[in-house]
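**Q** Okay, here's the structure, questions in a sec.
Every read-out reported here was derived from the displayed coordinates using simple, explicitly stated rules and does not represent laboratory data. What you see is a predicted model; the values in this text were computed from it and never measured. A quick note on method: Cβ atoms are made from the backbone with ideal geometry, for glycine too, and the neighbour counts reach across all protein chains shown.
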Amino acid sequence: MTDESALLALPPYGLIREEKHAFLTGELAALTRLHAERCPAYARMLSAAGVSPDTVTSFEQLPPLPVRLFKEFDLKSVPDEALAKTVTSSGTTGQQVSRVYLDRETAALQSRVLAKIMQSTLGGARLPMIIVDSPATLQNRDRFTARGAGILGFSLFGREKVYALNEAMELDVSGLHAFLARHEGETIFLFGFTFIVWQYFYAELRRSGAKLDLRNAVLVHGGGWKKLADQAVSRAQFHDALRDVCGIERVLDYYGMAEQAGSIFMECEYGHLHAPAWSDVLIRRPRDFSLAYIGETGLVEVISVLPRSYPGHVLLTEDEGVLLGEDDCPCGRKGKYFTVLGRVRHAETRGCSDTYESR
Amino acid sequence: MTNQEKYLNAFVAALEVAPGEAPTLTYGESKSWDSVGHMALVAALEDAFDIMMEMDDIIDLSSFDKGKEILRKYAVEI
């Protein structure tokens, strides 16, 4: 496995197809070997799939672990005493939650890689930050929800942080006015989960008619569109609606999940999600799991070279997506770019997981 | 207040620990110095010394001693 400093020296969006393929194949074979040695459940899955890391010639041959297995099993590749923290997805009552086990090495890698991606997105300076959420999200420090972990992860890129919502999830308009007055003329960084931004920030600004001037701000949001799609809100409407209430022009979505924190897929100015050096996406046909063509809808498989304390390096999500291209996005970033259409229908009817939506 | 006192106070206030305990702590291994505590600590250090730390330094801030080394980059001698 590549050591941390070499991993972090990779240009976030500079590897072209052949370079990336070779890098991922070597890295993922090594990770597969490590997890097979240390996580018996993963080793059984691998042998049931008839795959050995020693004979893999392309990372695309590695069998993806269905992401829901993190709800059903405790999957970890380190002894309990090496665990630094456990991240859980926030299910509603009675729903099973995912548990992701992190040791210090993996947690640090996640933070550092996220920092590289965000530096490339926002520039190097830490910006005054508005967290579009409630401080109550971080109350239980022993067991983080994915939402809390996301807030903390992104908080690194901000300074003089304020929460837009109070403990009761009410918009703190006067607090925001004071914050914006203190930082007049500066670029402001807003972070929040898509649904929270819509329901508690946008809708409240719209309802109350309160004015906020965020023309100089950039909003990074993630967590999925399912709840908004249910309300028939498209990406374009989301952008237009936010611009209407606060003037914000730069709104960037990202795709990521608690099971692969850090190596997220950030949207570019053309609205395409990009795989950075440390992760990749494969779109598979649901019928036979073969690889879909560019432009063809299929299941989203996500790949990350970061998970070392749990076997989460190759995961099959419950989302549908489309690969849009590779190495040739007009924004100039190399690597694959894609779009996510939403949750697969059968996954919803089974009531399975609100993981990405309700973080 | 000397820099040393300010530095120790930042740890004590942000991580809610006794002064004697602070120098023994490491990020991720001490219960009080978890990721929430970490962000509080960064804010406290930035306030105390009127500096703005870079992202990489925030990530590298992993122990009491390491923090002193990092602050030297910001012309703060502990």
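**Q** Can you compute the equivalent ellipsoid semi-axes for region A:256-307, i.e. the square root of 5 times each eigenvalue of the Cα gyration tensor, sorted largest first and rounded to whole Å?
**A** Numbers: eigenvalues 82, 46, 14 Å².
In descending order the semi-axes read 20, 15, 8 Å.
**Q** Shifting gears a bit: Remind me, what semi-axes does region A:166-278 give for its equivalent ellipsoid, largest first in whole Å, using sqrt of 5 times each Cα gyration tensor eigenvalue? Can you show the working numbers first?
**A** Values: eigenvalues 116, 57, 39 Å².
After scaling each eigenvalue by five and taking roots: 24, 17, 14 Å.
**Q** Then there's this: Over every pair of different alpha-carbon atoms in region A:235-281, take the mean of 1/r and invert it; report that Kirkwood radius in Å.
**A** Working: mean 1/r = 0.0838 Å⁻¹.
Result for region A:235-281, one decimal place: 11.9 Å.
**Q** Tell me what chain B gives for mean residue ellipticity at 222 nm when only DSSP H runs of n ≥ 4 count, each as -39,500 (n - 2.57), the sum divided by the residue total, rounded to 500 deg cm²/dmol. If you can, show how the numbers build up before the last one.
**A** Details: 4 runs with 43 residues, N = 78.
Counting only the DSSP helices, I get -16500 deg cm²/dmol.
**Q** Could I ask something else about it? Quantify how strongly other chains surround peptide A:78-84 by giving the mean number of their Cβ atoms within 10 Å of each of its Cβ atoms. Working shown, then result.
**A** Values: counts 0, 0, 0, 0, 0, 1, 5.
Mean partner-chain Cβ count within 10 Å for A:78-84: 1.
**Q** What's the extension gain from A:Ser208 to A:Ser174 if we count 0.36 nm per residue and subtract their Cα-Cα distance?
**A** On the way: separation 34, 0.36 × 34 = 12.24 nm, distance 1.27 nm.
Additional length available on full extension: 11.0 nm.
**Q** Now for a different question. Partner chain Cβ atoms within 10 Å, averaged over the residues of A:107-115 - can you pull that number for me? Before the final figure, lay out each step's value.
**A** Working: counts 3, 5, 0, 0, 5, 4, 0, 2, 5.
That average works out to 3.
**Q** For A:Lys336, which sequence-distant residues (separation of 5 or more, or a different chain) have an amide H within less than 5 Å of its own amide H, given hydrogens modelled in the peptide plane?
**A** So A:Lys336 has HN proximity to A:Ala275, A:Asp327.
**Q** Here's something else I'd like to know. Collect residues whose amide H, placed 1.01 Å from N in the peptide plane, falls under 5 Å from the amide H of A:Ser77; neighbours closer than 5 in sequence don't count.
**A** Here A:Tyr310 satisfy the definition.
**Q** For chain A, what are Rg and Dmax over the alpha carbons, in angstrom?
**A** 19.9, 62
**Q** Continuing with the same structure: Mind listing P(r) for region A:94-250? All alpha-carbon pairs, 5 Å bins, whole percents.
**A** 2, 8, 17, 21, 21, 16, 9, 5, 1, 0
**Q** Going Cα to Cα from A:Lys211, which lysines come in below 16 Å? Please leave out same-chain ones fewer than 8 positions away.
**A** none
**Q** Which of A:Leu190, A:Val322, A:Ser52 sits closest to the plus end of the dipole of chain A, meaning its Cα is farthest towards the positive end, when Lys and Arg get +1 and Asp and Glu get -1 on the C-beta?
**A** Value computed over the given set: A:Leu190.
**Q** Under a plain spin-label model, where a point goes 7 Å from the Cα along Cα-to-Cβ, how far apart in nm are B:Asn9 and B:Met52?
**A** 2.4
**Q** Can you give me the Cα centroid spacing of region A:148-169 and region B:36-59 in angstrom?
**A** Using only Cα atoms to place each centre, the spacing works out to 15 Å.
**Q** Enumerate the aspartates and glutamates that A:Lys20 could reach by cross-link, defined here as Cα to Cα under 20 Å, with residues fewer than 8 away along the same chain left out.
**A** Once the sequence-local aspartates and glutamates are set aside, what remains near A:Lys20 is A:Asp3, A:Glu4, A:Asp54, A:Glu60, A:Glu267, A:Asp280, A:Glu301, A:Glu326, A:Asp327, A:Asp328.
**Q** Then there's this: Using only Cα atoms, figure out Rg for region A:1-71 and give it as a multiple of 2.2 N^0.38 Å. Numbers along the way, then the final one.
**A** On the way: Rg = 13.6 Å, N = 71, 2.2 N^0.38 = 11.1 Å.
Compactness ratio reported: 1.22.
**Q** Compute the angle between helix A:173-182 and the longest alpha-carbon principal axis of chain A, please, reported from 0 to 90 degrees and rounded to the nearest 10.
**A** 90
**Q** In chain B, what trypsin sites (Lys or Arg not before Pro) fall in a loop by DSSP, with at most 14 other Cβ atoms inside 10 Å? List each step's numbers first, then the result.
**A** On the way: sites: B:Lys6, B:Lys31, B:Lys66, B:Lys68, B:Arg72, B:Lys73; in loops: B:Lys31, B:Lys73.
Filter output for chain B: B:Lys31, B:Lys73.
**Q** Could you state, as a whole-number percent, how many of the C-alpha pairs of chain B are farther apart than 22 Å?
**A** Taking all Cα-Cα pairs of chain B, the fraction more than 22 Å apart is 10 percent.
**Q** Work out how much length A:Gln61 to A:Ala43 would gain on full extension: take 0.36 nm times their residue separation and subtract the Cα-Cα distance, in nm to one decimal.
**A** Details: separation 18, 0.36 × 18 = 6.48 nm, distance 1.57 nm.
Extra length available between A:Gln61 and A:Ala43 comes to 4.9 nm.
**Q** OK, next. Per residue of B:59-68, count partner chain C-beta atoms within 10 Å of its C-beta, then hand back the mean as an integer.
**A** Values: counts 6, 2, 0, 2, 0, 0, 0, 0, 0, 0.
Mean shielding count: 1.
**Q** Please work out the Cα center distance from region A:247-325 to region A:10-72, rounded to the nearest Å.
**A** Spelled out, the Cα-based centre of one part sits 15 Å from the other.
**Q** Per residue and in cubic angstrom, what volume does the convex hull of the Cα atoms of region B:1-43 have? Show your work: numbers first, answer last.
**A** Working: hull volume 2.7 nm³, N = 43.
That works out to 64 Å³ per residue.
**Q** Another question, then. As I understand it, the value is the acute angle between the Cα axis of helix A:17-38 and the longest principal axis of the Cα atoms of chain A; what does it come to in degrees, rounded to 10?
**A** For A:17-38 against chain A, the angle is about 70 degrees.
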